[in-house]
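Inspection log for the structure reproduced underneath, given as structure tokens.
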Amino acid sequence: MQTSVTPTHCPYCALQCGMNLTPASDGSGSVVDVTERSDFPVNRGALCGKGRTAPALLSSQVRLTSPLIRSDGVLRPATWDEALDRIAEELSRTRTEHGPDACGVFGGGGLTNEKAYTLGKFARVVLGTSQIDYNGRFCMSSAAAGGIKAFGLDRGLPFPLEDIPKTGCVILVGSNLAETMPPALRYFTELKENGGKLVVIDPRRTRTAEQADLHLAPRPGTDLALALGLLHLVVAEGHTDEAYIQERTSGWEEARAAAMAHWPEYVERITGVSVPQLRETVRLFCEPESAMVLTARGPEQHSKGTDTVGAWINLCLATGRPGRPFSGYGCLTGQGNGQGGREHGQKADQLPGYRKLDDPAARRHVAEVWGVDPDSLPGPGRSAYELLDAMGTDIRALLLMASNPVVSAPRAAHIEERLKSLDFLAVADVVLSETAELADVVLPVTQWAEESGTTTNLEGRVLLRKQAITPPEGIRSDLHVMHELAARLGVEKGFPTDPEEVFEELRRASAGGPADYSGITYRRLAEENGVFWPCPADDSADGSAGGSAGGSAEDCEDATFDGLPDDPAGDAADDVVAATPAGPSPARNSAPGGVQEPGAHPGTPRLFLDRFHTPDGRARFVAVSHRPLAEEPDDEYPVLLTTGRVVSQYQSGAQTRRVDELNAAAPSSFVELHPRLAERLGAVEGEPLAVVSRRGRAVAPARITTSIRPDTVFMPFHWPGEGRANTLTNPALDPTSRMPEFKACAVRLERVD
Ligand code: SF4
């Protein structure tokens, strides 16, 4: 039993706040107190309510403590051997009868790097299936695809958060971080204290927008036009940085021409943002020496999310921002390990180290680490929504970890039916989530404080979450689950249960790839406040391809689905380079607060200072144009629905809805609407209102506020049942990132008697 204080990290969002866990004084070892870690530079002593209350679930009565097997329609307790045997039998039978691709695997952005890595390896080596993806596809995939198109590399923030207060202006697009990651607000408060300006773009006047020097409230789904209109004004008013464009970019003429077709008055008509507001935004952004654009799910969760991100990056490139001090473009990743979870192989098209699955050199390198024939590795599979949509058709059995698509997937009622139509569903989780309720076998697994593992936060900072307490009797780790299943399916070796052993293999698998972790060790992570990737094992690595790990110019990742039939943009990132530290010499880019061994690479807090991660070292403009939503309002569905989060709940709510303090603060869904819209409908504050889309109907109490546009309603997406927002959302996919259009769909409102 552990009794001492353990420094570790929060289980929830991508900020990965540092916290100290103390076993409770009753000596049980099963409950801990939380205190802030002032030594950790990201949250600097602050925690939000979710992090502060996270231990409540460790000893909660609602926690799963035994495997469950469905029998006569009811989930009943079973032994671990019975449960694992049953899963192995069903996966084996499915593979034999229908082929390996009839077995699906679905992961989550909350899994540690070790688990995400092992899940990808399990799918490809043990099951031999191409059908694996994860819920991070629903989170930041458009930003990842946009970043790779422009810069040749996807790391959410290419600079540490500590750079934010030092810049001159931040345009924050579609992020309500005051609610989603409250400790991060401090960076923006300091920005303003230092004289910098904050522009917030959001259809709602959120708590974050209230902090802004300028708040723009565009119509949902028009961020692409807004960015193009701003770029038009940048050109027209002579704010372009011609020397930078000449020296560090390519593709400007095409992007410029596309932007010049978006006159400010035209953009005003599309977005609802006035021309004077557009001009003021350009002034605030262009006057200071340094400036940033940060995007989040608002502009990204659209069927044109990748192009929208591209348009914001164009604005940054045209004004000479990326790769300069305290400047550039970044994405605020959402899930706890949303960054690391997208780097090591649980994505449909990816191998560890952010390598491409269809790249022969990458396949050779990873196959050698795994001790298998490269030709035995399957090719790219379907994206998350497409995989879920195929359940019960050609996908007959699914192994799901750390995800709750019954609540979090778009068109959720349809996905719920698809899950029910599977021949077999196995779910590993800490609680009986709405998805686990549908399973044939449920496995109770360890939580954050009960196991060690690494995560990678929104800055690209790799962190060690240390085990603080002993898990309760009857609970095992996801790594144990994959080890046991692999053995039952005939693969005795290569699936260790010790996270550090897995990480050692991950280091070798990632070596030479874009996300190179080979220079990072558990010992370093325990001593330093995280290490930023890329961090090659050899400090003298010159960034050339073909290093000791066998990297090559083809050994890369593009976060796109090249070759899929409806992927007209899929060729845009097919020539990114890999295996480079992607930054200046270590001496110019030392890790803040880091203490490195002599000769060890310090990691790379700031990317692109000397060159971008493209073959010619130049960032690429993308020529994009405005296009409408996949589903515009019409007479039948005249209002736009947008969705998001509230401060006291996290994602599908599977964990936070089971914490009393959080549940008391945010017990259920609601429909936020403007008084003018409420008056037209006769809606009354607090009374139930039905929201109806082409995909279904949700009912929740009305919350009437002037902080939202009159043509738009908002629902948070944390709850199941009749208030489930994702019953309504549109699964129209971005052609490159395969991101569904969560953020805008057409609905009508009905009073409920
Ligand atoms: Fe920090 Fe996010 Fe955890 Fe809140 S939920 S304590 S912001 S990591």
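Values quoted throughout were computed directly from the atomic coordinates according to the rules given, and no laboratory measurement underlies them. Since we're looking at a predicted model, the values are computed, not measured. Here the Cβ positions follow ideal geometry from the backbone for every residue, glycine too, while neighbour counts run over all protein chains shown.
Summing +1 for each Lys or Arg and -1 for each Asp or Glu, what net charge is found among the other residues whose Cβ lies under 11 Å from the Cβ of GLY336?
Cβ neighbours under 11 Å give a net charge of +2.
Can you tell me the dipole magnitude for the stretch 193-232 around its Cα centre, using point charges on the Cβ only (Lys, Arg +1; Asp, Glu -1), in Debye to the nearest 20?
Here the size comes out at about 160 debye.
Using R₀ = 25 Å, calculate the FRET efficiency as 1/(1 + (r/R₀)^6) where r is the Cβ-Cβ separation of GLU632 and ASP213; round to 0.05.
Calculated transfer efficiency: 0.20.
Where does the Debye-calculated log10 I(q)/I(0) of the stretch 639-751 sit at q = 0.20, 0.22, 0.23 Å⁻¹, using only Cα point scatterers of equal weight, no solvent?
Log10 I(q)/I(0), no solvent term: -1.05, -1.20, -1.27.
Have a look at the stretch 309-460 and give its Rg and Dmax from the Cα atoms, expressed in angstrom.
19.0, 55
Once phi is turned into ³J(HN,Hα) by the Karplus curve 6.51 cos²θ - 1.76 cosθ + 1.60 with θ = phi - 60°, what whole-Hz value does each residue of the stretch 677-691 show in order, with x for glycine and proline?
5, 4, 5, 4, 8, x, 6, 10, 3, x, 8, x, 10, 8, 10
Let me check against my output: what whole-number percent is the relative contact order of the stretch 157-332, with C-alpha pairs under 8 Å and at least 6 apart?
30
Quick one: which residues, 5+ away or cross-chain, put their amide H under 5 Å from the amide H of LYS197? H built at 1.01 Å from N.
CYS169, VAL170
With a cut-off of 8 Å between alpha carbons and a minimum separation of six or more residues, what is the relative contact order of the stretch 639-751 in percent?
36
Two decimals is fine: what is log10 I(q)/I(0) at q = 0.15, 0.20, 0.23, 0.27 Å⁻¹ for the stretch 383-462, from a Debye sum with one equal scatterer on every Cα and no solvent?
With one equal scatterer per Cα and no solvent, log10 I(q)/I(0) is -0.59, -0.88, -1.03, -1.24.
If the chain between SER625 and THR35 were fully stretched, how many nm would it gain, using 0.36 nm times the residue separation less the Cα-Cα distance?
207.5 nm
Give the Cα extents of the chain along the principal axes, in whole Å, largest first.
Here the Cα extents, ordered largest to smallest, are 71, 69, 55 Å.
With only alpha-carbon atoms counted, please give the Rg and Dmax of the stretch 68-111, in Å.
12.9, 33
What is the stretch 99-218's relative contact order, in percent, from Cα pairs under 8 angstrom and six or more apart in sequence?
RCO, the stretch 99-218: 17 percent.
Residue by residue, what Karplus-based ³J(HN,Hα) values in Hz, rounded to whole numbers, does the stretch 422-437 have, using 6.51, -1.76 and 1.60 with θ = phi - 60° and x for Gly and Pro?
Along the stretch 422-437, the couplings run 5, 5, 8, 10, 10, 10, 10, 7, 8, 10, 7, 5, 4, 6, 4, 4 Hz.
For the stretch 482-493, take each phi angle, set θ = phi - 60°, evaluate the Karplus expression 6.51 cos²θ - 1.76 cosθ + 1.60, and give the result in whole Hz per residue in order, putting x for glycine and proline.
Here the 3J(HN,Hα) series is 5, 4, 5, 5, 4, 4, 5, 9, x, 10, 7, 10 Hz.
What nm value, rounded to one decimal, do you get for the distance between ARG76 and SER4 when each label is placed 7 Å out toward the C-beta?
4.7
Report the dimensions of the stretch 33-104 along its three principal axes from the alpha-carbon atoms, largest first, rounded to Å.
If we take the Cα atoms of the stretch 33-104, the spans are 55, 30, 20 Å.
So what's the gap between the Cα centers of the stretch 124-176 and the stretch 214-245, to the nearest angstrom?
22
Which value does Rg/Rh take for the stretch 600-651 over its C-alpha atoms, Rh per Kirkwood?
Looking at the stretch 600-651, the ratio lands at 1.24.
Which percentage, to the nearest 5, of the DSSP beta bridges contained in the chain is antiparallel?
50
Please state the Cα pair-distance histogram of the stretch 1-144 with 10 angstrom bins from zero: what percent is in each bin?
Result returned by the calculation: 10, 24, 31, 24, 11, 1.
Could you please state, rounded to a whole Å, how far the C-alpha centre of the stretch 701-723 is from the C-alpha centre of the stretch 661-683?
Answer, in whole Å: 5.
Could you tell me the convex hull volume per residue, in Å³, taken over the Cα atoms of the stretch 371-515?
Considering the Cα atoms of the stretch 371-515, their hull volume per residue is 159 Å³.
Would you please calculate the Kirkwood hydrodynamic radius of the stretch 157-332 over all C-alpha pairs and express it in Å, rounded to one decimal?
15.8
Restricting to the stretch 639-751, what percent of DSSP beta bridges are antiparallel, rounded to 5?
DSSP beta bridges in the stretch 639-751 are roughly 65 percent antiparallel.
Give me the log10 of I(q) over I(0) for the stretch 149-222 at q = 0.19, 0.22 Å⁻¹, as the Debye formula computes it from C-alpha points; what are the numbers?
Each listed q corresponds, in turn, to -0.82, -1.02.
Using unit Cβ charges (K, R positive; D, E negative) and no other charged atoms, how large, in debye to the nearest 20, is the dipole of the chain about its Cα centre?
1300
Which order do the peptides 375-383, 333-341, 13-21, 199-207 come out in when sorted by mean C-beta neighbours inside 10 angstrom, highest first?
333-341, 13-21, 199-207, 375-383
Would you mind computing the Rg to Rh ratio of the stretch 649-705 from its alpha-carbon coordinates, Kirkwood style for Rh?
1.06
How many angstrom lie between the Cα centre of the stretch 401-446 and the Cα centre of the stretch 311-365?
Taking the Cα centre of each part, the stretch 401-446 and the stretch 311-365 sit 29 Å apart.
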